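Undergrad: This is the structure I want to talk about, given as structure tokens.
Please treat every number below as a calculation from the coordinates, not as lab data. Computed from a predicted structure; not experimentally measured. Virtual Cβ from ideal backbone geometry, glycine too; neighbours counted across all protein chains shown.
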Amino acid sequence: MRLVFQPRIDLSTGRCVGAEALLRWDHPALGSVSPGEFVPVIEHSPHAQAMTAFVLDRALAQAHRWQEDGHGLVMSVNVSAANLHEAAFSSSVEATLRRHGLAPERLELEVTESAIMQDAEQARRQLDALAAADIRLAIDDFGTGYSSLAYLQNIPAHVVKIDQSFVRNLGNGEREQSLVRSMISLSHDLGYRVVAEGVETAAVADQLTAMACDEAQGYHFARPLEIGSFTTWLREHKQGSQHGA
Ligand code: C2E
Ligand code: MG
Ligand code: MG
């Protein structure tokens, strides 16, 4: 298994401010297997905790290398419901940060609404401990779970990532646009920074910018990239945005 990295763009400056680490599995017979298929299987096995530990270790090692090269990025890592039930999860994340010499603000953990709601009490304790350690938290796939807004309001998260199913339909019509506009303003009212996932066209990026969405991620900017391609992309993108605006 290996990681690829997808850039995250600040819509007001056009700069790359972060990267999301995404797992890839190249099976000798099946070819490249999508994490949508194998991650849920691992999550329901005893290996869920080891999977996250592996991703965290590799992703933070890479974040440190990019930082040494002058690219200070926030690294986003997806975590599973099982991690929120690990009593020592937050202290093991802190230990991994220390091992790689990274400040906690350099890491953002992405948790889905459904992972939080599986055992809300226990998840809440873990999230509080992570937030107390200055680790940033993002609610992933926002809008697809059945979480209660009253509950989300009390989650110590910093970021809401609007699910791509809403973003992809943005061009379609007034109703779709109102929905996303409301999600952004609601999230802002609750004090969250808002990231749109699955931005595939310049038109959608422009619409989101007009709606005051803070950041975006998607094929329009870059697909998930191998380490070498990401480094090249970063250099070119930095030059591009300097020559641009
Ligand atoms: P996610 O965390 O919501 O990740 C975003 C997914 O959207 C990624 O799919 C990414 O490749 C894809 N994507 C990004 N931009 C676009 C776009 O413009 N259009 C479209 N159609 N798709 C876009 P990917 O890499 O296949 O991962 C799928 C899911 O698998 C992730 O959704 C996440 O839930 C899970 N996953 C991936 N890596 C990990 C991991 O290391 N740990 C855990 N626990 N889950 C992971
Ligand atoms: Mg994610
Ligand atoms: Mg997502």
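Undergrad: Taking the Cβ of each residue in MET211, MET75 as the centre, tally the other Cβ atoms inside 10 Å and list the residues starting with the fewest.
TA: Arranged by neighbour count, lowest to highest, MET211, MET75 become MET211, MET75.
Undergrad: Using +1 at the Cβ of each Lys and Arg and -1 at the Cβ of each Asp and Glu in the chain, identify which of TRP233, THR209, HIS47 lies farthest towards the dipole's positive end.
TA: Highest projection toward the positive end goes to TRP233.
Undergrad: Here's another thing I want to ask about it. Quick check on the exposure proxy: order CYS213, CYS16 from fewest to most C-beta atoms within 10 angstrom.
TA: Arranged by neighbour count, lowest to highest, CYS213, CYS16 become CYS16, CYS213.
Undergrad: Starting from 0.36 nm per residue, how many nanometres of slack lie between THR232 and SER12 once their C-alpha separation is accounted for?
TA: Fully extending the segment from THR232 to SER12 adds 76.9 nm.
Undergrad: Classify segment 111-234 from the C-alpha gyration tensor, please: rounded if a/c falls under 1.5, else prolate or oblate depending on whether a/b exceeds b/c.
TA: oblate
Undergrad: I've got another one for you. Sort 175-185, 199-209 for me by packing, meaning the mean count of neighbouring Cβ atoms within 10 Å per residue, highest on top.
TA: Packing order, densest peptide first, comes out as 199-209, 175-185.
Undergrad: Separate question: Over segment 3-46, what is the mean sequence separation of C-alpha contacts under 8 Å (at least six apart), divided by residue count, expressed as relative contact order in percent?
TA: 27 percent
Undergrad: Sort segment 1-125 into rounded, prolate or oblate with this rule: let a ≥ b ≥ c be the square roots of the eigenvalues of the Cα gyration tensor; rounded if a/c is under 1.5, and if a/c is not under 1.5, prolate when a/b is larger than b/c, oblate otherwise.
TA: oblate
Undergrad: To continue, here is another question. Mind checking the full-extension length gain between ALA50 and ALA203? Use 0.36 nm per residue of separation minus the Cα-Cα distance, one decimal, nm.
TA: Gain in length upon complete extension: 51.1 nm.
Undergrad: Shape of the chain from its Cα gyration tensor (a ≥ b ≥ c, root eigenvalues): rounded if a/c is under 1.5, otherwise prolate when a/b > b/c, or oblate?
TA: rounded
Undergrad: Order the peptides 93-103, 160-170, 36-46 from the highest to the lowest mean number of other Cβ atoms within 10 Å of their residues.
TA: The most tightly packed comes first, giving 160-170, 93-103, 36-46.
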